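Comments concern the structure below.
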Amino acid sequence: MRWDNLHRDGPDASGTAALFGPDVVTRTVDTPEFAGITFHEVRARSIINRVPGASRMPFEWTVNPYRGCSHACVYCFARRSHGYLDLDTGIGFDTQIVVKTNADRLLRRELSSPRWPGHHIAMGTNVDCYQRAEGRYRLMPGILTALRDHANPFSILTKGTLILRDLDLLRSAGAVADVGVSVSVAFLDEELWRTVEPGTPAPERRLDVVRALTDHGIGCSVLMAPVIPFLSDGPAQLRATVRAIAAAGATSVTPLALHLRPGAREWFTAWLARHHPGLVGHYERLYADGAYAPRWYQRRITRQVHELAEEYGIGPSRPGAHRGVGAPRCAPEPEAGPTQLTLL
């Protein structure tokens with residue numbers, strides 16, 4: 001891996017500021033939970049990131065304390081970002097984790113700047129801030145404390161059960177600012193989960209997170225993403241998933257169909273060829289026009305899930321529905337165009 005263009009003292013030739021400071025420390029940890037994983041500990045130059053104006057994401061500012069993700073979801077759109085660091089977007093994305101060790105201190109400094117207007121900050125929208133590395137580095141308690149102390153609104157999207165460690169911080173932050181929590185649960189099929197999301201907690205464990213958050217007065221929405229064509233989109237599968245999400249106490253459910261950007265597309269296609277070779281041709285036709293499934297497919301999935309949600313007594317997410325922890329909550333509403341938030 002080449003870090004040369006990431007830690008210059010000033011901007012590079014294109015005028016882009018360096019991402020990290022010069023002191024990069026690479027560690028391997030000889031414990032079963034981190035087998036095969038390498039951590040690159042860096043000091044970030046900035047931590048609040050502005051989402052490009054052309055993005056379809058329903059938020060403008062993000063904080064990402066990690067790059068790469070041991071969840072190893074084969075469809076994760078963030079894989080491409082690993083290439084910017086000269087890291088492999090396949091297995092390297094799953095096992096080479098960049099840790100911004102100064103994320104919490106840097107965030108506190110940036111929130112204190114008179115130039116920061118206090119906008120909503122989204123977390124877990126690139127890679128999961130509660131992936132396994134968080135159990136080692138414990139960056140989120142400092143991040144949540146800084147956001148709480150500045151009464152800055154934020155939201156978290158996660159597949160990780162480790163978020164339950166920070167229940168007290170979430171509640172105290174929600175007392176002073178708008179806080180949203182969403183858990184990603186796309187399907188219940190255990191065989192599919194083991195191959196497509198091998199590093200994540202099982203879907204049922206994630207539903208336990210929804211239950212626990214609800215029991216502690218923290219409204220939790222579910223992002224049902226990605227719905228995977230031909231593998232998790234059957235009517236019976238959608239019904240079972242929405243029924244389980246409703247039973248867990250979710251305040252809303254938002255379905256999003258799989259999309260396959262460069263980086264993720266190649267890795268997912270290789271997985272598909274190994275595990276479901278008969279579907280490769282179907283995917284080539286369905287995604288022939290680009291990264292997104294056709295509009296008719298997206299609309300069909302959205303309609304089916306919303307009808308099931310109404311049947312089971314939970315609603316889809318609604319725009320502008322951010323409220324403090326303890327009140328019923330909804331996930332951010334994606335705009336009408338195709339999008340996938342993820343971790344997904």
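For T214 and R299 in one chain, what is 0.36 nm times their gap in residues minus the Cα-Cα distance, to one decimal in nm?
27.7 nm
About the Cα centre of the range 166-214, how large is the charge dipole given +1 on each Lys and Arg Cβ and -1 on each Asp and Glu Cβ? Please answer in debye to the nearest 20.
Dipole size: approximately 120 debye.
What are the extents of the Cα atoms of the range 263-304 along their three principal axes, in Å, largest first?
Principal axes ranked by extent give 31, 19, 15 Å for the Cα atoms.
Take the eigenvalues of the Cα gyration tensor for the range 156-257, scale each by 5, and report the square roots as semi-axes in whole Å, largest first.
The equivalent ellipsoid of the range 156-257 has semi-axes of 25, 14, 11 Å.
Can you figure out the FRET efficiency of E191 with A247, using R₀ = 22 Å and their beta-carbon distance, to the nearest 0.05?
0.50
Per residue, what volume in Å³ does the convex hull of the Cα atoms of the range 105-214 enclose?
For the range 105-214, the hull spanned by Cα atoms encloses 99 Å³ per residue.
State to the nearest 20 debye the size of the charge dipole of the range 80-170 about its Cα centre, where the only charges are +1 on K and R beta carbons and -1 on D and E beta carbons.
Value, rounded to 20: 200 debye.
Could you give the accessible area per residue of the range 64-133, probe 1.4 Å, as a whole number in Å²?
Heavy-atom SASA per residue in the range 64-133 reads 33 Å².
Based on the mean of other beta carbon atoms within 10 Å per residue, what is the order of 228-236, 270-278, most packed first?
Highest mean packing first, the order is 228-236, 270-278.
Tell me the per residue accessible area of the range 154-282 using a 1.4 Å probe; a whole number in Å² is fine.
Result: 34 Å² of accessible area for each residue.
If you take the Cα atoms of the range 124-179, find Rg, then find the Kirkwood Rh from the mean of 1/r over all pairs, what is Rg/Rh?
Ratio value, two decimals: 0.94.
Starting with the highest mean, order 118-127, 171-180, 63-72 by the number of other Cβ atoms within 10 Å, averaged over the residues of each peptide.
63-72, 118-127, 171-180
Could I have the simple spin-label model distance between R138 and R105, label points 7 Å from Cα toward Cβ, reported in nm to one decimal?
Placing both labels 7 Å along Cα→Cβ, they lie 1.6 nm apart.
The values are calculated or read from the model by the stated rules, or taken from the named source; none is laboratory data. The shown structure was predicted, so the numbers you read here are calculated from the model rather than taken from an experiment. For neighbour counting, all protein chains shown are included, and Cβ atoms are generated from backbone atoms with ideal geometry for every residue, glycine included. These accessible areas exclude ligands, DNA and RNA; they are computed on the full protein's heavy atoms, side chains included. Shrake-Rupley method; radii C 1.70, N 1.55, O 1.52, S 1.80 Å.
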